[in-house]
Amino acid sequence: MQTNLQVTYADKTVKAVSTTPADIVALERTFEISIARLGSDFKMTHLYFLAWSVEHRTNATDLEFDPWLETIEGVESEAPKVSKG
């Protein structure tokens with residue numbers, strides 16, 4: 001399962017990131033919640049954590065989660081792209 005996210009940083013930089021299974025497992029382990037339950041028990045923290053997990057895993061940031069939150073304005077889930085063909 002891949003989720004495409006758009007991170008807006010405090011300096012107005014916008015970055016597209018994509019989760020991997022490693023990010024999903026990190027979220028489930030950290031919050032002790034199944035990804036399947038996010039639809040009914042969604043918190044913005046979960047979305048921010050997924051974005052941070054991608055950035056941390058790919059070495060785009062060396063900040064821990066809470067300090068990283070201070071560097072962003074927000075995170076949005078991108079709509080899935082549908083290919084025509």
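Anything in the range 35-85 that is closer than 24 Å to ASP11 by Cα, hydroxyl-bearing (Ser, Thr, Tyr) and modelled with pLDDT under 95? List them, or say none.
SER77 - this is the single residue of the range 35-85 that is closer than 24 Å to ASP11 by Cα, hydroxyl-bearing (Ser, Thr, Tyr) and modelled with pLDDT under 95.
Can you tell me which residues in the range 24-34 are more than 15 Å from ASN4 (Cβ to Cβ) and either open to solvent by less than 40 Å² (accessible area, probe 1.4 Å) or not hydrophobic (A, V, I, L, M, F, W, C) (or both)?
We begin by selecting, within the range 24-34, every residue more than 15 Å from ASN4 (Cβ to Cβ); these are 25-34.
Result: ALA26, LEU27, GLU28, ARG29, THR30, GLU32, ILE33, SER34.
Anything in the range 37-49 that is among the hydrophobic types (A, V, I, L, M, F, W, C) and open to solvent by 90 Å² or more (accessible area, probe 1.4 Å)? List them, or say none. Spell out how you get there, then give the answer.
From the range 37-49, those among the hydrophobic types (A, V, I, L, M, F, W, C) are 38, 42, 44, 47, 49; that's our starting set.
Residue satisfying the conditions is PHE42 alone.
The values are calculated or read from the model by the stated rules, or taken from the named source; none is laboratory data. Everything numeric in this text was worked out from a predicted model, so none of it was measured. Every residue, glycine among them, receives a Cβ derived from its backbone with ideal geometry; neighbour counts consider all protein chains shown. Keep in mind that these areas ignore ligands, DNA and RNA; they rest on the heavy atoms of the full protein, side chains included. Shrake-Rupley method; radii C 1.70, N 1.55, O 1.52, S 1.80 Å.
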